[in-house]
Amino acid sequence: MVGPPPASGGGGAGRAVLWAALGALVASAAWAAGVFLIAGADKADLAGYTAPSNLCNAIDYSSFKEEYPTNDGAPTRNRLEDDALDEGLCSISLKKTTSTYADAYLYAQLDLHKKTDPGPEFTAAWKNYGDSHTGYDVETVTGIGDEAYLVSNDTTSGSSSGSLYATLAVRDGWVTYTMSYSAYYSSYDADTDPPTLDEVSDMLRTDTRTTLADLKD
């Protein structure tokens, strides 16, 4: 898969391309697993979650704000409400105080599956993600939801060049949530240390736990 677009590509254009790229990634995972909304006999286990009208206002990403304190005044969002599926999408530009353009991006997606248990397909898509996408590592994460996986691609080699991508994908009952971070570190100043994969992974874990707790009734 082609990596995320450079953060220096400009505000609106860069965000639009990133939205398409990350949307395609999530869509490809769903497609690979054969997630089709076919009505089932089982009652949906939504684990107490509700779908907010605006996911951008509902997610917590406070762990990233020390590194990127400038607020995105116009995050991109979308929402679907249907008998089979409630879905919320949000894309946020992350900027350092001195930056003109976005230095990184966050993408979040919440799905409440109301007709079909997403469990087997979710596992197949994310647990095996590295088998079908060259250069991606997959780590099983415990203590968040019923199952969770951290998918990452890091070409930075601990330097301020290259790109870093990480997604934390969580299933809790029939609810799935993904939070993705994407950045090209060439946009950083030479004397500035960008966050490492370990740091980004900790941020994703922390903010995902808080967000899922907040989304429950």
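Here, each number is a calculation from the coordinates, and none is a lab measurement. Quick caveat, the model's predicted, so the values are computed rather than measured. Because the Cβ atoms are built from the backbone with ideal geometry, glycine has one as well, and the counts that use them run over all protein chains shown.
Numbers below:
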quantity: Residue-count net charge about Gly130 - beta-carbon cut-off 12 Å; Lys, Arg +1, Asp, Glu -1; calculated: -2
quantity: Protection proxy ranking, peptides 53-65, 84-96, 134-146, 170-182, average beta carbon neighbours within 10 Å, highest first; calculated: 170-182, 84-96, 53-65, 134-146
quantity: Extended-chain gain in nm, criterion 0.36 nm per residue less alpha-carbon gap, Ala44 and Lys127; calculated: 27.6 nm
quantity: Above-threshold pairs, the threshold being 27 Å between Cα atoms, out of Lys114/Lys216; Lys95/Lys216; Lys43/Lys127; Lys65/Lys115; Lys65/Lys127; Lys65/Lys114; calculated: Lys95/Lys216; Lys65/Lys115; Lys65/Lys127; Lys65/Lys114
quantity: Simple label model, 7 Å out from Cα along Cβ direction - Asp117 to Asn54, nm; calculated: 3.7
quantity: Extension reserve of the Asp193-Ser62 stretch, reckoned as 0.36 nm per residue once the Cα distance is removed; calculated: 45.2 nm
quantity: Fully extended contour minus Cα-Cα distance, from Thr98 to Thr210, at 0.36 nm per residue; calculated: 37.5 nm
quantity: Computed over the range 82-217: relative contact order in percent, which uses C-alpha pairs under 8 Å that are six or more apart; calculated: 21
